[in-house]
Amino acid sequence: MHTTPDTADDLLLSWPAPAAAWHEAAPVGNGRLGAMVFGGTHRSRVQINDSTVWSGTPGGPAAALAAVTAGGAGPERLAEVRAALRAGDRRTAEALLMTFEGPYSQEYLPYADLWLTLAGGERAVHRGRTLNLDDGVAADSLDLGGIAVHRRTWADAVSGTLCTELTAAGGPVDLGLELTSPLREVHRGADPHGITLGVEIPVDGAPAHEPSVAEPLRYAGGPVGGYDPFGALAVRVATDGEVTVAAQDGSLRITGATRLLVTVASSTSAHAHWSGLPGPDSRAAHLQAAADTAGAAAALGARHLLDQHRSDLRALLGGTALRVGPRRAGTYDVAADILSGRDELLTATVLFQFGRYLLAAASRPRTGPPANLQGIWNADLRPAWSSNYTVNINTQMNYWGAEAAGLPACHEPLFDLLDRVAAQGTGVAGQLYGARGWVAHHNTDMWGWALPVGMGHGNPSWAIWMMGGAWLSQHLWDHYDFTRDTAFLRDRAWPLLHGCAAFLLDWLTDDAAAAGDGADRAAGGDGAPAGGWLGTLPSTSPENLFLSEQGTPESLTHSSAMDIALIRAVFERTLRAAGLLGVQDPLCDEIRAALPRLPPPPVSPAGLLQEWAEDLPEQDPAHRHLSPLIALHPLGQIDPDTTPATALAARRLLDRRGPGAMGWSWAWKIAMRAWLRDAASARGLLLEAARPLEGDAGADAPVDGSQWGGLLPNLFSTHPPFQIDGTYGFMAAITEMVLQSHAGAVHLLPALPAEWAEGAATGLRCRGGLAADLTWRGGALTAVTLRRIAGDPAEPVRVRHGDRVTEVTVVPGAPLTLDGRLRSAADRTEAAAC
C-alpha cells in the first residue's frame with residue numbers, strides 16, 4: 001500500500017493481513033466513539049465502543065454509601081480500628097475495616113459491532129492494512145477479481161460519528177451491512193437509509209474477579225431512580241448502489257456499488273448525565289438524535305468528512321513531534337520493523353507517537369469520560385478489572401504525558417471526572433471518616449465512585465487506601481504549571497485542591513506511631529518537631545505487603561511513605577495556588593502548621609528508601625508497584641541535585657525492585673530512571689518493555705508480575721490482560737528522557753542514551769508556559785528554540801544541558817534560539833567580537 005500525497009510525511013503502521021483477533025485490530029477514536037478495525041476480505045468487523053456506555057446508575061455510589069454506613073461503618077468504628085492498631089491487634093482492625101468496603105465500581109462495556117460483508121470476498125486477495133498515527137485513518141485494500149477495493153475508517157470528532165468509506169475501482173461490488181450488539185437489544189429499525197438499534201445497558205456489573213456474584217450483569221428493564229439505562233445507535237449509508245433491507249434480520253444489502261459511506265452515531269442517557277446539558281428525554285428521542293447525527297454526517301459526503309477529520313486531528317496532534325534517530329515519516333511493518341527489535345530508535349519514535357495518538361483518540365474535551373484502563377476500547381462484557389479507573393497508579397499514568405507531549409486539551413476529561421469523584425467523595429469523607437472535604441480510594445467509574453471497594457473481602461493492601469484523591473489532584477496543579485492558566489487554577493483546580501487538603505488535614509493523626517510496630521518516630525523521636533510528627537492511621541502501601549514479627553503477610557500500619565509524600569504535595573500545591581490567586585483562607589493556616597510536622601522520607605539502615613514508616617521486610621522485595629518512590633516521580637520531592645542522599649536511597653530501592661513485570665510498571669520505572677538521569681537503565685527497561693508478548697494474550701497473567709508482559713501485535717501494551725496505561729506511560733517516559741522541566745529548569749536531553757545519538761523534537765511543552773524545539777547529533781545538543789505559549793514574559797527561564805546552565809528571558813512572539821553551548825545569537829556575536 002502507498003500513501004497519498006497529503007500523508008507523505010506521516011507515520012503509518014502496517015500489517016500484511018487482516019486482524020485475526022481483537023488485539024491485532026487497529027484502534028480509532030474521537031473521545032466519544034472508539035472502534036477496533038479488523039479489515040478483511042469477506043466479512044470484516046468494526047467493533048464499537050461509546051465512552052459513556054457503563055453499567056450502573058448515577059445513584060449507585062450514594063446508595064452504596066448508605067448501605068455501608070447502615071452496616072456500622074463510620075467515625076466511631078474508625079476510632080475502634082485505630083485503637084486496635086495501636087494495641088497491635090491487626091486482625092481486629094482488618095475485620096472492622098472490611099465493613100467500610102462497598103461492593104465494586106462499575107464496568108465499561110462493549111457497545112456494538114458493524115459487519116461489512118463483501119460478496120465474493122472469500123476469493124479476494126488482501127493487500128494489507130495501515131493505521132496512520134498522524135491523521136487517525138485505518139485503511140485496508142484488496143483485489144476482488146480485478147476490482148481494487150479500498151476501505152478507510154476514522155472517528156470524526158467534528159461530526160461526532162464513526163465513518164467507513166469503501167471505494168471500488170474497475171467495477172461495482174455487492175455488500176451486506178449488519179449492526180449487532182452484545183447488550184440487550186430492545187429496538188431495531190431498518191430502511192434503505194440505514195439501521196437504528198436501541199439497547200438497554202446493565203444497571204449493575206460485577207468485575208470478573210468477583211465470580212461469586214449471582215448476576216454479574218443485571219438489567220433493570222426500565223428507568224431506575226429517574227435514570228433510563230438506554231443507548232441508541234444509528235447507521236446511515238450513502239452509496240451509488242441500490243440498498244434493500246433484508247426482512248429476516250434487518251440488515252442491509254447494497255448491490256452495484258462503486259462507493260459506499262457508512263456513518264455511525266450514538267445517543268445515550270449516560271452521556272446526557274455526564275455532560276449536564278439538556279438531552280433527549282425519551283428512548284424515541286435518543287433514537288432520533290442518533291439518526292439525525294448519522295444522517296447529517298452522511299449528507300456531507302466522505303471527502304468532506306475525511307477532510308474535516310484530518311484538519312481537526314492534525315491541529316491537535318501536529319504541534320508536537322519526536323524523532324529518535326533518522327526516521328519518522330514512512331510506513332512500517334509492525335512485526336518486521338518494530339516488534340523485531342531491529343531498530344530501537346524507530347521503536348522509540350513510534351511508541352511516542354502511538355501514545356499521543358491513542359490519548360487524542362480516547363480523551364477529548366466535552367465528549368465523555370476520560371481514558372479508562374483500556375482507553376475507550378473494550379470488547380468484553382466482563383473486562384479485566386472492569387476496564388474502569390484504578391487510581392493508585394493506572395489512571396494517573398494515562399495522563400502523565402498529556403502536558404509535556406503537547407496534548408493539554410486531552411487532560412480536561414480527567415478534571416471532569418475529578419468533579420464527580422469529589423461530589424461523591426464529600427459524602428464518603430463526612431459519613432465514613434467524620435472529615436471535611438472529599439476523599440477517593442483506589443477505584444472509581446464514570447459515576448464518581450469514591451467508596452472503598454471489595455465487598456467486605458478485598459485485601460486492605462489495595463482496598464483500604466484513602467489517597468486516591470490526593471494523587472489525582474496532582475494533575476490539577478500539573479495542568480496549571482504547564483499552561484499557566486490562572487482561570488483554570490481559580491475555577492477548577494482551587495476548589496478541588498481545597499477540598500482534598502481539608503480531608504487530609506482531618507485524616508492526619510498526631511499519635512500514628514502507636515500502631516503495634518514498635519515505632520517512636522511519630523511520638524517524638526529524634527528530630528521530631530514541636531508537637532511531634534503527624535501521620536496516617538490506618539495506612540497501606542499499594543499494593544505491597546510486609547511481614548510481621550510472626551512472619552505473617554500484613555498490609556495495615558501507619559504513615560506509609562506514599563501517604564506522607566502525597567499529603568505533602570497536596571499541602572504545598574494548595575498553598576502555592578492560594579498565593580497565586582491571592583486567596584486568604586483559614587485552611588492555609590492549618591496547612592502551614594501541619595507541613596513541618598510531616599516526617600521526611602524514611603531511609604533504612606541499609607540505605608534504601610523505606611516503604612513504610614518503619615524498616616519492615618517486604619513480602620515481595622521485587623514488587624511491581626513502586627509506591628514509596630512516588631516522592632521521586634511524579635511528585636519531584638526527591639531530586640539528584642537538591643536531595644542527593646535521598647535520591648541515592650531511591651535509586652537503591654529501584655535497583656532492588658529490579659526490571660520487568662508488566663507494561664505500566666515498566667513505564668513507571670523508565671520515568672524514574674529518567675528523573676534519576678540514568679539513561680542506560682531507562683533504555684534497558686524500554687527495550688524489555690518493547691518486546692512482543694511471548695505468552696497467550698487471551699490468558700490473564702498472575703497479578704504478581706511473575707509473568708512478564710510485552711507488546712501485542714497492534715502495539716497495545718499488555719500484562720496480560722491488555723491495559724492501555726503502559727502504552728501511555730511509554731510515551732510519557734520517552735518524553736522525560738529527552739526533556740524535563742520539573743526541577744526549576746528546562747533540562748535538555750537529561751537521560752539520553754548513548755545509542756540515541758541523533759534526533760529532533762518539536763513542540764514539547766515545559767512547565768512555565770513554554771514550548772521547546774530541539775535537535776541533537778552525536779549525543780549532544782545542537783540547538784534549542786524556546787517559545788512562550790503562556791505565563792509571565794518577565795519570568796527568567798533557566799536552561800540546562802549537561803553541566804551548562806544559562807538564564808534567559810522568553811517573550812511571546814519572539815522565539816529564542818540557543819546553540820549546543822546554550823548561547824544565543826547575541827552571545828555568539830559578542831564572543832566573536834572579543
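Which one of these does Ala530 not meet: (1) in contact (Cβ under 8 Å) with a residue 40 or more places away in the chain; (2) out of contact with any His (no Cβ under 8 Å at 6 or more places or on another chain); (3) in a loop (DSSP other than H, G, I, E, B)?
(1)
For the stretch 794-808, give me each residue that is surrounded by fewer than 13 Cβ atoms within 10 Å (Cβ to Cβ) and not hydrophobic (A, V, I, L, M, F, W, C). Reasoning before the result, please.
Residues of the stretch 794-808 surrounded by fewer than 13 Cβ atoms within 10 Å (Cβ to Cβ): 794, 796, 803, 805, 807.
Matches in the stretch 794-808: Pro796, Asp803, Glu807.
Among the residues of the stretch 569-589, is any assigned by TED's automatic domain parsing to the domain that holds Pro495, aliphatic (A, V, I, L, M), outside any helix (DSSP H, G or I) and under 26 Å from Arg484 (Cβ atoms)?
The answer is yes, given that some residue of the stretch 569-589 is assigned by TED's automatic domain parsing to the domain that holds Pro495, aliphatic (A, V, I, L, M), outside any helix (DSSP H, G or I) and under 26 Å from Arg484 (Cβ atoms).
So is Thr180 in contact (Cβ under 8 Å) with a residue 60 or more places away in the chain, in contact with a strand residue (DSSP E or B) (Cβ under 6 Å, 6 or more places away or on another chain) and under 30 Å from Gly222 (Cβ atoms) or not?
So Thr180 passes the test.
Suppose the filter is of a type in the set (Lys, Arg), closer than 18 Å to Thr258 by Cβ, assigned by TED's automatic domain parsing to the domain that holds Gln248 and surrounded by 21 or more Cβ atoms within 10 Å (Cβ to Cβ); does Arg151 pass it?
So Arg151 passes the test.
What do you reckon, is Ala270 aliphatic (A, V, I, L, M) and touching a residue at least 40 places away in the same chain (Cβ under 8 Å)? Outline the logic, then answer.
Numbers: aliphatic (A, V, I, L, M): yes; touching a residue at least 40 places away in the same chain (Cβ under 8 Å): yes.
Considered against the rule, which asks whether it is aliphatic (A, V, I, L, M) and touching a residue at least 40 places away in the same chain (Cβ under 8 Å), Ala270 comes out as yes.
Can you tell me which residue in the stretch 497-538 is modelled with the highest pLDDT, limited to those that are of a type in the set (A, V, I, L, M) and more than 35 Å from the chain's Cα centre (by Cα)?
Filtering first and then ranking leaves Ala530.
Residue by residue, here is whether (1) within 19 Å of Phe503 (Cα to Cα); (2) of a type in the set (A, V, I, L, M, F, W, C); (3) surrounded by fewer than 24 Cβ atoms within 10 Å (Cβ to Cβ) holds:
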residue	(1), (2), (3)
Ser363	no, no, no
Trp377	no, yes, no
Arg382	no, no, yes
Pro408	no, no, yes
Pro413	no, no, yes
Ala435	yes, yes, yes
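Taking the stretch 543-573, which residues are surrounded by 21 or more Cβ atoms within 10 Å (Cβ to Cβ) and among the β-branched types (Val, Ile, Thr)?
Thr557, Ile564, Ile567, Val570
Against the definition (surrounded by fewer than 24 Cβ atoms within 10 Å (Cβ to Cβ), in a loop (DSSP other than H, G, I, E, B) and out of contact with any helix residue (DSSP H, G or I) (no Cβ under 8 Å at 6 or more places or on another chain)), how does Ala19 come out, yes or no?
yes
With the condition being in contact (Cβ under 8 Å) with a residue 40 or more places away in the chain, I'd like the strands (runs of 3 or more DSSP E) fully within the stretch 754-834 carrying at least 1 qualifying residues.
759-766, 770-777, 780-788, 797-801, 804-808
Kindly indicate whether Pro659 is modelled with pLDDT under 95 and either under 30 Å from Phe488 (Cα atoms) or not charged (D, E, K, R) (or both). Lay out the reasoning, then the answer.
Details: modelled with pLDDT under 95: yes; either under 30 Å from Phe488 (Cα atoms) or not charged (D, E, K, R) (or both): yes.
Against the criterion (modelled with pLDDT under 95 and either under 30 Å from Phe488 (Cα atoms) or not charged (D, E, K, R) (or both)), Pro659 qualifies.
Checking Ser473 against (1) buried (at least 24 other Cβ atoms within 10 Å of the Cβ); (2) more than 16 Å from the chain's Cα centre (by Cα), only one condition comes out false. Which one?
(2)
Residues that are under 17 Å from Val439 (Cα atoms), touching a Leu at 6+ places or on another chain (Cβ under 7 Å) and in contact (Cβ under 8 Å) with a residue 24 or more places away in the chain: does the stretch 552-559 have at least one?
So far as the stretch 552-559 goes, no, none of its residues is under 17 Å from Val439 (Cα atoms), touching a Leu at 6+ places or on another chain (Cβ under 7 Å) and in contact (Cβ under 8 Å) with a residue 24 or more places away in the chain.
So which residues in the stretch 622-662 are crowded, with 18+ Cβ neighbours inside 10 Å, more than 20 Å from the chain's Cα centre (by Cα) and under 17 Å from Ala689 (Cα atoms), if there are any at all?
Passing the criteria: His623, Leu654, Arg657, Gly660.
Each row is one residue, and each column tells you yes or no for (1) touching a strand residue (DSSP E or B) at 6+ places or on another chain (Cβ under 7 Å); (2) among the hydroxyl-bearing types (Ser, Thr, Tyr); (3) closer than 24 Å to Leu346 by Cα.
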site	(1), (2), (3)
Gly769	yes, no, no
Trp776	yes, no, yes
Leu781	yes, no, yes
Pro796	yes, no, no
Glu807	yes, no, no
Leu822	yes, no, no
Ala826	no, no, no
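Would you mind stating whether Leu260 is in contact (Cβ under 8 Å) with a residue 24 or more places away in the chain, assigned to a strand (DSSP E or B), buried (at least 16 other Cβ atoms within 10 Å of the Cβ) and touching a strand residue (DSSP E or B) at 6+ places or on another chain (Cβ under 9 Å)?
yes
Condition first: of a type in the set (S, T, N, Q) and assigned to a loop (DSSP other than H, G, I, E, B). Now tell me which residues in the stretch 713-741 satisfy that.
Passing the criteria: Asn714, Gln723, Ser741.
The values are calculated or read from the model by the stated rules, or taken from the named source; none is laboratory data. Predicted model only: the values in this text are computed from it and were never measured. Reconstructed Cβ throughout: ideal geometry from the backbone, glycine too, with neighbour counts over all protein chains shown.
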